[in-house]
Structure formats: C-alpha cells, structure tokens
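What follows is a set of notes on a single structure, which appears directly below.
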Amino acid sequence: MGRKIAAGNWKMNLTLAEAESFISEFSTGDWPADVEVIFAVPFPYLISLNALAGNRITIAAQNCSDQTEGAFTGEVSAKMLDSASITTVIIGHSERRMYYHETHEILKAKVDQALAFGLTPVFCCGEPLEVREAGTHRHLVSQQIEDSLFHLDSEAFRRLIIAYEPVWAIGTGVTASPEQAQEMHAYIRGVVESKYGSFIAKHLPILYGGSVKANNAKMLFAQEDVDGGLVGGASLITSEFLQITNSF
Ligand code: PGA
C-alpha cells in the first residue's frame, strides 16, 4: 500500500444545511494523520464546505466540463473549480458514463481540462455485470484506461488517482471480494506499468469503489494493491465513514 485515501462520493444527496453540519461534525473526528480524506460534493456546496473542512479534509467536485469556458449552459469547468480553490475532481464515474453518455473521448478531454488547471482527477473505471459474466472485464477496464489516459505524458499521469469501481457493486450491497478487488487492482497496475514504468505504477493510488462499508473496508484496504476506497452510500453516515477512515 502507498497512500491511504478514504474518499466519499455524496452524489446527488443532502441539502446544504445537512452537508454543512455533516462536515462540521466529521472534521472533529479522529483518524490517522496519514489517511487522506476526500468528500466529493454537489457543486453549489463546494465553497462553503471547503471553508468549513479544515486542512485534514479535501472537498472535491464530482464532475467537470470537457470545455474551458463559453456557451455551455449548465456546465462547470475545471478552470472555475480551480478559481474556487477546489483541487480534486471525480471524472468518469459509471453513473456519468451511463446516464450522461460520457464517452472515452469526452472523458479524455475532461482529464485534460482538470490537469491543465492543476486539479487532481480521480478517474473511475470498472465493468458492468454482463461484461464480468462474459469474462472480458480485464479487457474493458484496460481499454477505459488506455482510451482516456494513455495520451498523457508521465508528468501528467503521475498526478492521477484511479478508482476501480465494478458497476455491479455500486449501490447494490454486493461488494467485490477482497480477492476480486486485489486481482483487478494488480491488473490495472500492470497495465499502467507497461506504459509508464514500474515507479509510476507503484506510486499510483488505486481506490476500490462499490458498496464499501465499515464492515468490509478493513479486508479490502488490507489488499496489497488497494490504496483506499471511493465510497458512496456509506459516506453519507458520519459514524460509518469515520470507521472507514480508520480501516487502514
Ligand atoms: P456505493 O457507491 O458505495 O454506494 O456502492 C460507490 C460509488 O459509486 O462511488
């Protein structure tokens, strides 16, 4: 294990008042100094939560535009996030790929936008159930990574965080077994190594996502190639997520 990262993805949940009281309460909690805590929150809450969070919590965006600025109604650019002191952004979550038809090309442009404005992309990959059942999940995941990330040079690539999130495990209560997670994380590291070499591959944080809970986080984080978690549902419950941050 390299870095230790507990990232929450709130998705489209909580009101501003709920979000503020969550972060106020959570920031008084205890977790080891070497565990990085991230909350990816809805756009309108970024600034006020960032002010509340203190320096032990990173407040991140859940998405950014593939464009820099201009006539793109409803979009939020990486440039804007940077100007609002946001340092981290999720890109390519399976819900964005599925419901908003974000293609490899779009995700590639989003990654470029994020990196151009100094943000850390948390790039998500992972296979749907039918792909897992067909046994082609390794191929799909390596394709997702190659298509949206392999145009980057080493300097840019080393700024990424990758999250492996099998779609069949997201919000379903079905978690990948620690062995399944480890197997895919090691595979992803190998894919990265083949292009960027062993130093960058070894230091790349790879988070597991998909029904991470307080009662399974320890087993998952104990795997050699699992550097932490991207947590949806369980990141909405203070005590549950605090336990997860203490599971390394
Ligand atoms: P979940 O979501 O923990 O609720 O399965 C994970 C994610 O979508 O990032």
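For region 221-242, enumerate the residues that are aliphatic (A, V, I, L, M), open to solvent by 50 Å² or more (accessible area, probe 1.4 Å) and under 30 Å from residue 151 (Cα atoms). Correct list: empty. In the set (1) more than 23 Å from residue 240 (Cβ to Cβ); (2) modelled with pLDDT under 95, the condition left unmet by residue 63 is number (2).
Checked against the criterion of being within 26 Å of residue 4 (Cβ to Cβ), without any contact (Cβ under 8 Å) to a residue 40 or more places away in the chain and not β-branched (Val, Ile, Thr), the candidates 126, 118 yield just one match: 118.
Each residue in region 127-180 was checked for being loosely packed, with under 15 Cβ neighbours inside 10 Å, at negative phi and small (Gly, Ala, Ser), and 3 of them qualify. Checking the stated criteria, residue 234 turns out to be closer than 15 Å to residue 29 by Cβ, within 10 Å of the ligand (Cβ to nearest atom) and out of contact with any strand residue (DSSP E or B) (no Cβ under 7 Å at 6 or more places or on another chain).
Residues that are among the polar types (S, T, N, Q) and within 16 Å of the ligand (Cβ to nearest atom) were ranked within region 185-215; the one that is farthest from residue 166 (Cα to Cα) is 215.
Scanning region 83-92 for residues that are more than 12 Å from the ligand (Cβ to nearest atom) and surrounded by 18 or more Cβ atoms within 10 Å (Cβ to Cβ) returns 86, 88, 89, 91.
Among the residues of region 116-133, those that are of a type in the set (A, V, I, L, M) and either within 15 Å of the chain's Cα centre (by Cα) or under 18 Å from residue 177 (Cα atoms) (or both) comprise 119, 122, 129, 131. The single condition among (1) surrounded by 15 or more Cβ atoms within 10 Å (Cβ to Cβ); (2) within 16 Å of the ligand (Cβ to nearest atom) that residue 218 does not meet is (1).
Somewhere in region 128-138, is a residue under 28 Å from residue 81 (Cβ atoms) and not in a loop (DSSP other than H, G, I, E, B)?
no
Only one of the numbered conditions (1) among the polar types (S, T, N, Q); (2) more than 16 Å from the ligand (Cβ to nearest atom); (3) not in a helix (DSSP H, G or I) is not met by residue 148, and that is (3). Out of all the residues in region 93-119, which are within 16 Å of the ligand (Cβ to nearest atom) and crowded, with 18+ Cβ neighbours inside 10 Å? Within region 93-119, 93, 94, 95, 96, 97, 102, 107 meet the criteria.
With the structure loaded, tell me whether residue 172 is among the polar types (S, T, N, Q) and within 12 Å of the ligand (Cβ to nearest atom) or whether it fails that test. Judged against the criteria, residue 172 is a match.
The values are calculated or read from the model by the stated rules, or taken from the named source; none is laboratory data. Please read these numbers as outputs of a predicted model, since none were measured by experiment. No Cβ is skipped: glycine too gets one built from the backbone with ideal geometry, and neighbour counts run over all protein chains shown. To get the accessible areas, we keep the full protein, side chains included, count just its heavy atoms, and leave off ligands, DNA and RNA. Shrake-Rupley method; radii C 1.70, N 1.55, O 1.52, S 1.80 Å.
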